[in-house]
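The following block contains the structure, expressed as C-alpha cells.
The values are calculated or read from the model by the stated rules, or taken from the named source; none is laboratory data. The shown structure was predicted, so the numbers you read here are calculated from the model rather than taken from an experiment. FYI the Cβ positions are ideal-geometry reconstructions off the backbone, even for glycines, and counts take in every protein chain you see. What goes into the accessible areas is simple: the full protein's heavy atoms, side chains included, and nothing from ligands, DNA or RNA. Shrake-Rupley method; radii C 1.70, N 1.55, O 1.52, S 1.80 Å.
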Amino acid sequence: RALQLVQLLRLLAEGAMKRLLVGLLLSVLAIPVLAAWDLAQLMDDLARTRGGKARFVETKYIALLDRPVVSSGEMSFTTPDRLEKRTLTPRPETLLLDRDRLTIERGRQKLSIDLTNQPEALAFVDSIRGALTGNRQALEKNYALHLAGSRDNWKLTLLPSEQAIATIVQRITITGQRNRIRGIEYLQADGDRAVMTIEALS
C-alpha cells in the first residue's frame, strides 16, 4: 500500500506539472505578437499626412561666423509637391517650392530657379518632399536610408548614394513621432550645419 501511495503521489505530481506547463504555454501563446516597426511602416505613416502648417526655428552653424544664425517663421506643405517656407525673423524671406521651380523673395528681390536644370539641387529638395509624402522610392533614388528608434521616437538618416550629391550634403537626419516630422538636420559637405525644429499648427 505504501508503494501504491508513492506511485499515486508521483502521478499526481506529474499531472500537476503537465497542467502547469500547458497553462504556461497557453498564456505565452495568448500574448499578442507585435510586428517589428520598420521603414515601410514609417513611410506608410508619413504618406497618410495630407499636408499642413507648422512653426519652425532654424539654427545654422557656419564656420565663417562666430555664432550661429537663428531664424524662425512658418511653413506649409500641400501634397504632393508644394512647400512654402516663410521666414519672419530676423528678416522676412519667402521660399516657395512648387513642383520643380523654386522661387525666393527677399524684400523687393525675387529670384526663380528651374531645378530640373540642377539635378544635385533637385535631389536635395526631393529629400524633403520624399519625407513629407512618405515616398520611399524617391528617397532611395539618391540616398541610403537608415532608420532607428521606435514609432513614437524615430530617427531617419539619409546618406547620399551619388557622389555628385555628396559634394553638397554629407548627411540629412530627420526625427519625428509617428507621422509627424519634428526636426531636420543638414550636415553639408563643407562641415556647415543647419538644425530645424518643427512644431505642427492645428
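Please specify each residue of segment 92-113 satisfying the condition of being more than 23 Å from VAL57 (Cα to Cα) and open to solvent by less than 50 Å² (accessible area, probe 1.4 Å).
ILE113
Follow-up. State all residues of segment 152-168 that are buried (at least 17 other Cβ atoms within 10 Å of the Cβ) and modelled with pLDDT of 90 or more; if no residue qualifies, say none.
Once the filter is applied, which keeps residues that are buried (at least 17 other Cβ atoms within 10 Å of the Cβ) and modelled with pLDDT of 90 or more, segment 152-168 yields TRP154, LEU156, LEU158, PRO160.
Of the residues GLY149, GLY176, only one is surrounded by 16 or more Cβ atoms within 10 Å (Cβ to Cβ) and within 11 Å of the chain's Cα centre (by Cα); which? Please lay out each step first, then the result.
Numbers: GLY149 fails: surrounded by 16 or more Cβ atoms within 10 Å (Cβ to Cβ).
The match here is GLY176.
Taking ARG48 as the residue in question, decide whether it is surrounded by fewer than 16 Cβ atoms within 10 Å (Cβ to Cβ), under 16 Å from the mean Cα position of the chain (by Cα), at pLDDT below 90 and over 19 Å from THR173 (Cα atoms). Full working, then the answer.
Details: surrounded by fewer than 16 Cβ atoms within 10 Å (Cβ to Cβ): yes; under 16 Å from the mean Cα position of the chain (by Cα): yes; at pLDDT below 90: yes; over 19 Å from THR173 (Cα atoms): yes.
In short, yes.
Okay, moving on. Can you spot a residue in segment 179-199 that is surrounded by 14 or more Cβ atoms within 10 Å (Cβ to Cβ) and more than 25 Å from ILE62 (Cα to Cα)?
Among the residues of segment 179-199, at least one is surrounded by 14 or more Cβ atoms within 10 Å (Cβ to Cβ) and more than 25 Å from ILE62 (Cα to Cα), which makes the answer yes.
Still on this structure, I have one more. In the set LYS60, LYS53, which member is open to solvent by 40 Å² or more (accessible area, probe 1.4 Å) and either within 20 Å of GLN109 (Cα to Cα) or within 19 Å of the chain's Cα centre (by Cα) (or both)?
The match here is LYS53.
List pairs: first residue in segment 125-140 and open to solvent by less than 30 Å² (accessible area, probe 1.4 Å), second residue of a type in the set (S, T, N, Q) and not in a helix (DSSP H, G or I) anywhere in the structure, Cβ distance under 8 angstrom, at least six positions apart or on different chains.
Partner pairs satisfying both residue conditions: SER127/ASN142; ARG129/ASN135; GLY134/THR49.
Another question about this same structure. Quick one: would you say THR89 is among the polar types (S, T, N, Q), open to solvent by 60 Å² or more (accessible area, probe 1.4 Å), at pLDDT 90 or above and over 26 Å from ALA144 (Cβ atoms)? Before the answer, list the steps.
On the way: among the polar types (S, T, N, Q): yes; open to solvent by 60 Å² or more (accessible area, probe 1.4 Å): yes; at pLDDT 90 or above: yes; over 26 Å from ALA144 (Cβ atoms): yes.
Criteria met by THR89.
List the strands (runs of 3 or more DSSP E) that sit entirely inside segment 33-133 and contain at least 2 residues that are closer than 21 Å to GLY176 by Cα.
52-61, 69-78, 82-89
Can you tell me how many residues in segment 63-75 are free of Cβ contacts under 8 Å to residues at least 60 places away in the same chain and surrounded by 15 or more Cβ atoms within 10 Å (Cβ to Cβ)? First the steps, then the outcome.
The initial filter retains those residues of segment 63-75 that are free of Cβ contacts under 8 Å to residues at least 60 places away in the same chain, namely 64-73.
Of the ones still in play, those that are also surrounded by 15 or more Cβ atoms within 10 Å (Cβ to Cβ) are 71-73.
Of the residues in segment 63-75, 3 are free of Cβ contacts under 8 Å to residues at least 60 places away in the same chain and surrounded by 15 or more Cβ atoms within 10 Å (Cβ to Cβ).
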